[in-house]
1. Among the residues of segment A:13-52, which ones are surrounded by fewer than 14 Cβ atoms within 10 Å (Cβ to Cβ), in contact with a strand residue (DSSP E or B) (Cβ under 9 Å, 6 or more places away or on another chain) and closer than 25 Å to residue B:270 by Cα?
2. Being surrounded by 14 or more Cβ atoms within 10 Å (Cβ to Cβ), within 24 Å of residue B:274 (Cα to Cα) and without any contact (Cβ under 8 Å) to a residue 12 or more places away in the chain, is that true of even one residue in segment B:40-63?
3. Taking residue A:105, is it surrounded by fewer than 18 Cβ atoms within 10 Å (Cβ to Cβ) and either on the phi > 0 side of the Ramachandran plot or within 14 Å of chain B (Cβ to nearest Cβ) (or both)?
4. Looking only at segment A:22-43, decide whether some residue is over 30 Å from residue A:119 (Cα atoms), out of contact with any helix residue (DSSP H, G or I) (no Cβ under 8 Å at 6 or more places or on another chain), within 13 Å of chain B (Cβ to nearest Cβ) and not in a helix (DSSP H, G or I).
5. Please work out if residue B:72 is surrounded by 15 or more Cβ atoms within 10 Å (Cβ to Cβ) and in a helix (DSSP H, G or I).
6. Can you find a residue in segment B:178-191 that is at pLDDT below 90, part of a helix (DSSP H, G or I) and farther than 24 Å from residue B:54 by Cα?
7. Sort out which residues of segment A:72-95 are part of a loop (DSSP other than H, G, I, E, B) and either within 11 Å of chain B (Cβ to nearest Cβ) or within 12 Å of residue A:4 (Cα to Cα) (or both), and write them in order of number.
8. Mind listing just one residue for me: the one in segment A:53-65 that is farther than 27 Å from residue A:121 by Cβ and away from chain B (no Cβ under 12 Å) and, of those, surrounded by the most Cβ atoms within 10 Å (Cβ to Cβ)?
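The values are calculated or read from the model by the stated rules, or taken from the named source; none is laboratory data. Note that the coordinates shown come from a computational prediction; the quantities given were computed from them, not determined experimentally. Here the Cβ positions follow ideal geometry from the backbone for every residue, glycine too, while neighbour counts run over all protein chains shown.
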């Protein structure tokens, strides 16, 4: 039973003022099983982010279906779920991570991670403890814990984002170009982070533009150009 | 549906003026925006329906004159609706259209279920009463009778909105705009309302004070789980506060969605214009 099944998905953007409609993506099919990591590759502009943002409903999907096997609602089509259902899923089941930090201003890294837990109804003590664990786990310098993340580097923002998303232990985590514009050293760190997530059994959908990075990391690689899997790991056990 | 709305608004309609044969109750094409040039009737709210769920912040955006504030005033019974229904999820009021209740029942809802923060603190506060007196007034309306208890509650609230307690006996007219707004919020919260209406609460405040008030609102939501309707023409405020957002134009709801979706993938021409104007 797949945890996520994307069928004949397509997305257009209409800009009324220019009287233009653009087809961002069309005819996307893929599915993944619990615990799998699927990587999506393609040129910039090929619609990778569009797919991810549509799954998270930051974009409103307009064609096809995105079936997600929710713990709370059973199988649900994310393209038709109500806004309140989406908010619930974002809070408890589906995480989204990019390099861009879109958070409450005037909030420290530590508070941000704690809020992720508090909004799920965790107690304050537990939130404090788990937030620290997450910040240690994703190797954010303790000097940065009690500062505002505005001035963080790309890599630091990303790791904070990952900490905020993963403390919730989401069932499905969407990674939107987490390595773009990072140097080799930071990329290596991100890779280790993803390996950790995978070992914990998180189902991941990630988009990347460098194939090298994904080697040995993904169970499946979906190519936007051919619209097929170009790589599938044969045995599913992860060493 | 897996949850019940705490407030349900259906087909809220509010017009100023009698209407004529030409404007046909606001359905006619001959209206200029929401104004009938022949009889001068303004259709301020046209068939407005939405749900407010427990613990959420619902954002309402739109340009001035789009009917946002009128809608809030109708919900808070400051204005009578022309037609429409509103239901609150409460065992005593289940299935009763709140707009049809007696004045006394409406007052009781305002005292026990609702809090309101107006854009202009003059509407929400008695400017020549002491700040703590303002809060006590609302507490008395909500049925509190013990002075000690009321004083403790008021102090607590003023402290939580960062009003120094040594100034609690001062009149709000001596305060700055930001402080007045915070006293107004404290007053609105004093009866522990499950539903809070916030009408352009940060408009006209300077940025640092605005930040203060926004942080306070977010904190209230997180800690008390109050459901809020936040009206603002400022998308930055909506982006920071609201989970879901409704876009109003000429008295009607033209679009609704998750706030990030409204901002990143707006569907309607007007919403696109609004979002693209964001600097």
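1. Within segment A:13-52, A:15, A:20, A:21, A:22, A:23 qualify.
2. No, there is no match, as no residue in segment B:40-63 is surrounded by 14 or more Cβ atoms within 10 Å (Cβ to Cβ), within 24 Å of residue B:274 (Cα to Cα) and without any contact (Cβ under 8 Å) to a residue 12 or more places away in the chain.
3. Numbers: surrounded by fewer than 18 Cβ atoms within 10 Å (Cβ to Cβ): yes; either on the phi > 0 side of the Ramachandran plot or within 14 Å of chain B (Cβ to nearest Cβ) (or both): yes.
Criteria met by residue A:105.
4. Taking every residue of segment A:22-43 in turn, at least one turns out to be over 30 Å from residue A:119 (Cα atoms), out of contact with any helix residue (DSSP H, G or I) (no Cβ under 8 Å at 6 or more places or on another chain), within 13 Å of chain B (Cβ to nearest Cβ) and not in a helix (DSSP H, G or I).
5. Details: surrounded by 15 or more Cβ atoms within 10 Å (Cβ to Cβ): yes; in a helix (DSSP H, G or I): yes.
It is true that residue B:72 is surrounded by 15 or more Cβ atoms within 10 Å (Cβ to Cβ) and in a helix (DSSP H, G or I).
6. yes
7. Our first condition is that a residue be part of a loop (DSSP other than H, G, I, E, B); within segment A:72-95, this holds for A:72-73, A:78-82, A:93.
Within segment A:72-95, A:72, A:73, A:78, A:81, A:82 meet the criteria.
8. The extreme case among them is A:64.
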